[in-house]
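Data first, discussion second: the structure below is written as structure tokens.
Nothing in this text is a laboratory measurement; each read-out follows from the coordinates by a stated rule. If you're wondering where the values come from, they're calculated on a predicted model, not measured in any experiment. Backbone-built Cβ (ideal geometry, glycine too); neighbour counts: all protein chains shown.
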Amino acid sequence: MEKIKELKLEGVYPALITPFTEDDEIDKEGLRKIVEYVTEGGVSGVVPCGTTGEAATLSLEEHKMVIETVVECSKVPVIAGTGSNNTKKAIELTQFAEDVGADAALVITPYYRPPIKGLMRHFEAIAKVVDIPVILYNVPSLTGLNMTPDVVAELAEVPEIVGITEASRDLKQVMEIIEKTKDFVVLSDDDILTLPMMALGGKGVISVAANIVPKMITRMVKEMLKGKINRARELHYELVPFFRVLSLETDPIPVKKAAEMMGLIESGGVRLPLVEISWDNEDRLASALRLFYPR
């Protein structure tokens, strides 16, 4: 339980992209470069193999390779995405993450839309076999299942389950989760809602945009944590146009193209069923990127 007590969850945690080579293999050097870049941007930790990391398209071996590579090169805490619709696979990935040195696990809700009893047992089964913190990941738009505040509050009673990454886009639900839990961390999973969620009591964000603009998002979140809401709001509105552009197509299509444009990775390619960004949206992305990195 010591590891669970030690980790302080607040700040900015980039949901790392998983770069691929032109041959559609994992680009380990590109991955290391992204980790180094965001770390220099002042982030609190990194999150490999989340939805932005295209975890659903990775083989089990690739999933483990990405987690291990990030743990090996990261100088900040690693929250490994280890979720699956298959409970046994999620357990295997979470145990692997702990074994190689990850600091916590991010576990997405299964997309089978299990009954509440099954959902509870899924998370409890994962949490009880590891000694690292487990963070719930609620993203109904991708899984078709929303964890209600009552379910979250009950799972928060499990000592190893320390927080939730909320992507329901429902601020009333976020407020109710915070109201019904104690010493339970709520993180935003939507860059554009980070500021309002933090105003309600959230502690930060697992951020897509932080792959590209880590310094600015870190400044905004730090201002919120210090209670300097006016300054944080100014930074938020500077970032909003970029947040919107990153949402033009399915994540991580735009953010990977942005990383390629910046030279952070050699290829912004994604795996099927995702496809390359459209020409029109690529132009809009390039224009937005020049606001932060003029050439």
Among residues of the range 61-76 being under 15 Å from residue 29 (Cβ atoms) and within 15 Å of the chain's Cα centre (by Cα), the residue surrounded by the fewest Cβ atoms within 10 Å (Cβ to Cβ) is 66
Those residues that are surrounded by fewer than 23 Cβ atoms within 10 Å (Cβ to Cβ), in contact with a Leu (Cβ under 8 Å, 6 or more places away or on another chain) and part of a loop (DSSP other than H, G, I, E, B), I need them from the range 77-95; list them, please. 77
When you look at residue 150, is it touching a helix residue (DSSP H, G or I) at 6+ places or on another chain (Cβ under 9 Å), among the charged types (D, E, K, R), surrounded by fewer than 16 Cβ atoms within 10 Å (Cβ to Cβ) and farther than 25 Å from residue 247 by Cα, yes or no? yes
Would you mind stating whether residue 207 is surrounded by fewer than 23 Cβ atoms within 10 Å (Cβ to Cβ) and within 21 Å of residue 174 (Cβ to Cβ)? no
Residues in the range 28-51 that are among the charged types (D, E, K, R) and either in contact with a helix residue (DSSP H, G or I) (Cβ under 9 Å, 6 or more places away or on another chain) or within 21 Å of residue 10 (Cα to Cα) (or both) total 4
Members of the range 252-278 found to be crowded, with 20+ Cβ neighbours inside 10 Å and charged (D, E, K, R), listed by number: 256, 257
Quick check on the range 162-193: of everything there that is in contact (Cβ under 8 Å) with a residue 24 or more places away in the chain and of a type in the set (S, T, N, Q), which residue is surrounded by the fewest Cβ atoms within 10 Å (Cβ to Cβ)? 173
Specify the residue that is surrounded by the most Cβ atoms within 10 Å (Cβ to Cβ); the eligible residues are those in the range 210-228 that are touching a Leu at 6+ places or on another chain (Cβ under 8 Å) and of a type in the set (A, V, I, L, M). 217
Say whether the condition of being buried (at least 20 other Cβ atoms within 10 Å of the Cβ), closer than 28 Å to residue 114 by Cβ and within 17 Å of the chain's Cα centre (by Cα) is met by at least one residue in the range 34-43. no
Residues that are farther than 19 Å from residue 189 by Cα, surrounded by fewer than 18 Cβ atoms within 10 Å (Cβ to Cβ) and without any contact (Cβ under 8 Å) to a residue 40 or more places away in the chain, drawn from the range 125-147: 125, 128, 129
Go through 159, 196 for me and flag whichever is over 19 Å from the mean Cα position of the chain (by Cα), surrounded by fewer than 19 Cβ atoms within 10 Å (Cβ to Cβ) and of a type outside the set (S, T, N, Q). 159
Please go through the range 236-266 and give me each residue that is in contact (Cβ under 8 Å) with a residue 12 or more places away in the chain and either small (Gly, Ala, Ser) or not in a helix (DSSP H, G or I) (or both), ordered by number. 247, 248, 249, 250, 251, 252, 258, 259, 262, 264, 265, 266
Count of the range 270-287 residues which are in a loop (DSSP other than H, G, I, E, B) and either in contact with a His (Cβ under 8 Å, 6 or more places away or on another chain) or under 14 Å from residue 245 (Cβ atoms) (or both): 2
Report, by residue number, each residue of the range 12-33 that is within 15 Å of the chain's Cα centre (by Cα) and either among the β-branched types (Val, Ile, Thr) or assigned to a loop (DSSP other than H, G, I, E, B) (or both). 12, 16, 17, 18
